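Written out below as structure tokens is the structure these notes cover.
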């Protein structure tokens, strides 16, 4: 006679067919409603804050955002975004926009938009980006504000490039803010770093020239495959009663899919120097014949990192504390992830906190050394 109990003596698991059928029918109804909603919503737009292009060269465009009530005491702030993905993340939606938040606090903002590299750009180097493009953008912004040193905000990989620039040209930067910026690329919890250390980047670049943005997207999704490749679309069903939430979802999807190709030589150098050699930590990175020494970063530094960041783990960013030469180093821990720091409800406070930090240091010298905020 068959034992009706399981191996632990508990009754075997049984499926309630009626309840399952009801759940499937409800899911199908919501799916159909969602399809209709998506059809009726039309297209969504990113980066709606008014701006003016003030400089362009090759694929790059430098944009200027002017607040309605500018605080001239702050000095201008130049944002350097990562080469990967698009800087529209900083202005994804009107109520959760880093740029709009900075403007509302009176900060005059400039933004580097790297554009879309093509085959003509495959031989660009990190030196071209740091000592070339960034340097000329800094000069453009500084010239519009009395040739004074400016504030620099670097995001993710753009933060790494900004650190390199500030180390090589400290006299041109008044204050430096880094956001979710990798510094130590070989922390034990860095899954992306572990993957990159095993990459034959020479074979990849020599075979492809530029690195396709779509390929990099698949790499990033593979770090959290269930959440980023499937679960988020299942969760979308729960949003069909909230058109605004669906629009926000579509904005994020549009940003994710808008991935520029990467200039091959710069990509090769970044993977080798940063991920494989950890050159920023060891002080061995050379650009334009000069060594990038983070000890030369002597201006005030604010390092903003995300506590649940799977791309730039907190320790990868906090390593900056022991490497910079500044006597005025502050950290701000954001409770959230790599993208949530720009688009979550808690992210609304970040722009004002950045502006407050800048304002406290305008003409006041150095405050409490190496504080943790």
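The values are calculated or read from the model by the stated rules, or taken from the named source; none is laboratory data. As the structure is a prediction and not an experimental result, all values here were calculated from the model. We place every Cβ from the backbone using ideal geometry, glycine too, and count neighbours over all the protein chains shown.
Which of the helices (runs of 4 or more DSSP H) contained wholly in the stretch 238-333 include at least 2 residues that are closer than 25 Å to residue 169 by Cα? Give the steps one after another, and end with the answer.
Numbers: elements: 243-257, 264-270, 279-282, 314-318.
The helices (runs of 4 or more DSSP H) meeting that bar are 264-270, 279-282, 314-318.
Among the residues of the stretch 102-112, count how many are touching a residue at least 60 places away in the same chain (Cβ under 8 Å) and under 19 Å from residue 150 (Cβ atoms).
Residues that pass the stated criteria total 5.
Please tell me if residue 222 is under 16 Å from residue 311 (Cβ atoms) and either in contact with a strand residue (DSSP E or B) (Cβ under 9 Å, 6 or more places away or on another chain) or at pLDDT 70 or above (or both).
Numbers: under 16 Å from residue 311 (Cβ atoms): yes; either in contact with a strand residue (DSSP E or B) (Cβ under 9 Å, 6 or more places away or on another chain) or at pLDDT 70 or above (or both): yes.
Against the criterion (under 16 Å from residue 311 (Cβ atoms) and either in contact with a strand residue (DSSP E or B) (Cβ under 9 Å, 6 or more places away or on another chain) or at pLDDT 70 or above (or both)), residue 222 qualifies.
Of the residues 128, 121, which is at pLDDT 95 or above, out of contact with any helix residue (DSSP H, G or I) (no Cβ under 8 Å at 6 or more places or on another chain) and over 29 Å from residue 361 (Cα atoms)? First the steps, then the outcome.
Numbers: 128 fails: out of contact with any helix residue (DSSP H, G or I) (no Cβ under 8 Å at 6 or more places or on another chain).
Answer to the check: 121.
Scan the stretch 341-355 for residues that are within 23 Å of residue 252 (Cβ to Cβ) and crowded, with 18+ Cβ neighbours inside 10 Å and jot them down.
341, 342, 343, 347, 350, 351, 354
Answer yes if at least one residue in the stretch 115-131 is buried (at least 19 other Cβ atoms within 10 Å of the Cβ), within 19 Å of residue 90 (Cβ to Cβ) and in contact with a strand residue (DSSP E or B) (Cβ under 6 Å, 6 or more places away or on another chain), and no otherwise.
Scanning the stretch 115-131 turns up no residue that is buried (at least 19 other Cβ atoms within 10 Å of the Cβ), within 19 Å of residue 90 (Cβ to Cβ) and in contact with a strand residue (DSSP E or B) (Cβ under 6 Å, 6 or more places away or on another chain).
Could you give me the residue pairs with C-beta distances under 8 Å whose first residue belongs to the stretch 70-85 and is at negative phi and free of Cβ contacts under 8 Å to residues at least 60 places away in the same chain, whose second residue is surrounded by fewer than 21 Cβ atoms within 10 Å (Cβ to Cβ) and assigned to a loop (DSSP other than H, G, I, E, B) wherever it lies, and which are 6+ apart or on separate chains?
So the pair list comes out as 70/106.
Only residues that are over 17 Å from the mean Cα position of the chain (by Cα) and farther than 25 Å from residue 345 by Cβ: list them for the stretch 77-115, please.
Of everything in the stretch 77-115, just one residue is over 17 Å from the mean Cα position of the chain (by Cα) and farther than 25 Å from residue 345 by Cβ, namely 108.
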